[in-house]
Amino acid sequence: MGGLLATRQSSRRVWFGLLAFLALFSFLVASRSSEAILQENPHLTNDDLAINRTLGFSKIFAIGLPERTDKRDAFALTSALTGFHVEFMDGVRGESIPDQAVPPGVDRKALMETNLGSWRGHMNAIRRIVEEDLESALIIEDDMDWDVRLKTQLKEVAKGARHFMPPGKTSSSPYGDSWDVLWLGHCGEVFPEQLPENEGKPEHPKYTILNDQTLPPPGKLTGLVDFASHPAFTRWVHVSGGPICSFAYALSQSGARKVLFDLSIDHLGGAFDNALAAFCRDGASGNLDGLRAKCLSVTPPVFFHHRAKGRLSSDSDIQGFTNTDVREKGTTENIMWSARNNLRNMMLGLEMESQF
């Protein structure tokens, strides 16, 4: 019995020692530039950086109204259990924004105060990227969900994003440096050749991920692509066409500067997600009058809006739902092993449950 106890204690020491090492490694990777880490640790690869505590970006900002503590509680626990760290940023109430701070060309009544506040919350996060001179940052809304295997997914996404780099060029970032916006979460996206202004032009290149078993089975995907006309379990990294919803997106330093100018200083052409999509669409259509945005999208996305169990009226802070019905179980479109729905299983070490 004593020998068994000693063996267990030894195993625990090894396990906790490994956890301490991983925690230290994650801290060092998350707090330093990718280039410096790779130079000092030649055994590491770009793919290793894609699964660090900030998912391969310099920082992750999660945006939401501070009074929605329910969303923050769920997000903090879910991200901790799936191995990444975020900094919460307070969302903004539109009514708190003075007329003098509204971008040129905006009719705030037509835009609505909720959309104005959403825009300002995102712009505050984007300004942080510029102010802190971050190499990149992921901005994510606080009611998002993702697959338990997110880091495995992002290793493939990183390969896809690097695919768009010029031949022979290298980058210390796991995602390369040939993009301004990397759209990881949206509620619908098209390939750029589907845009009317690109009719008759050659198709844009795509990086195809085949046999992705983290995807839902055929017939269960939602979006704007005709998934039935492609092989099942296929995901793409591609030039953005016109994504809908700003669920989760990364910005490079150059992208943050372009978006800060285009969606705040110069003008604002509508709700934030539509304006950011228009910014990316200009690049997809080769608009030389624009800022030549370089945007990539992941379709189907790896982040999607979670509809939590409880009152349906709690789903959105922008849309004024008054429905008093109650949802018995949370649900997330396009996500196979929902991290939000598997919180208990992850904490107890149980088998993951699929939504499909």
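What follows is calculated from the coordinates using simple rules that are stated; it is not laboratory data. Note that the structure is a prediction, hence the values are computed from the model and not measured. All Cβ positions, even for glycine, are placed from backbone atoms using ideal geometry, and neighbour counts span all protein chains on display.
Ordering Phe57, Phe233 from the fewest to the most neighbouring beta carbons within 10 Å gives Phe233, Phe57.
Can you tell me the relative contact order of the stretch 178-327? Whole percent, Cα pairs under 8 Å, sequence separation 6 or more. It would help to have the intermediate numbers written out before the result.
Working: 271 pairs, mean separation 48.4, N = 150.
So the answer I get is 32 percent.
Between amide H atoms placed 1.01 Å from N, distances below 5 Å from Arg327 occur with Gly310, Arg311, Leu312, all of them 5 or more places distant or on a separate chain. Annotation: extensible slack from Glu328 through Lys309 equals 6.3 nm (criterion: 0.36 nm per residue apart, minus Cα-Cα distance). Converting phi to 3J(HN,Hα) with the Karplus coefficients 6.51, -1.76 and 1.60 and the offset θ = phi - 60°, the stretch 213-221 yields 6, 7, 8, x, x, x, x, 9, 7 Hz in sequence order, with x at every glycine or proline. Under 20 Å from a point placed 7 Å out from the Cα of Thr222 along the Cα-to-Cβ direction: which residues of the stretch 325-356 have their backbone N that close? Flagged as within label range: 325-342, 354-356. In the structure shown, the pairs Lys109/Lys206; Lys151/Lys206; Lys206/Lys309 are assessed against 32 Å; a Cα-Cα span above that value is assigned to Lys109/Lys206; Lys206/Lys309. Backbone geometry of the stretch 254-265 corresponds, through the Karplus equation with coefficients 6.51, -1.76 and 1.60 at θ = phi - 60°, to 3J(HN,Hα) couplings of 5, x, 4, 5, 5, 5, 4, 6, 6, 9, 9, 6 Hz, x marking Gly and Pro. When the convex hull of its Cα atoms is viewed from all sides, the stretch 46-305 shows a mean projected area of 14.2 nm².
So if we plug the beta-carbon distance of Thr170 and Asp266 into 1/(1 + (r/R0)^6) with R0 = 30 Å, what FRET efficiency do we get, rounded to 0.05? Display every interim value, and only then the final one.
Numbers: r = 33 Å, r/R0 = 1.11.
Calculated transfer efficiency: 0.35.
If you wrap the Cα atoms of the stretch 180-294 in a convex hull and average its projected area over all directions, you get 7.7 nm². Counting beta carbons within 10 Å around each of His306, His85, His186 and listing the fewest first gives the order His85, His306, His186.
For the stretch 183-196, backbone phi angles converted through the Karplus equation (6.51, -1.76, 1.60; θ = phi - 60°) give residue-by-residue couplings of 8, 9, x, 7, 9, x, 8, 10, 6, x, 5, 7, 6, x Hz, Gly and Pro being listed as x.
The fewest-to-most ranking of Cys295, Cys187, Cys280, Cys245 by surrounding Cβ atoms within 10 Å reads Cys187, Cys245, Cys295, Cys280.
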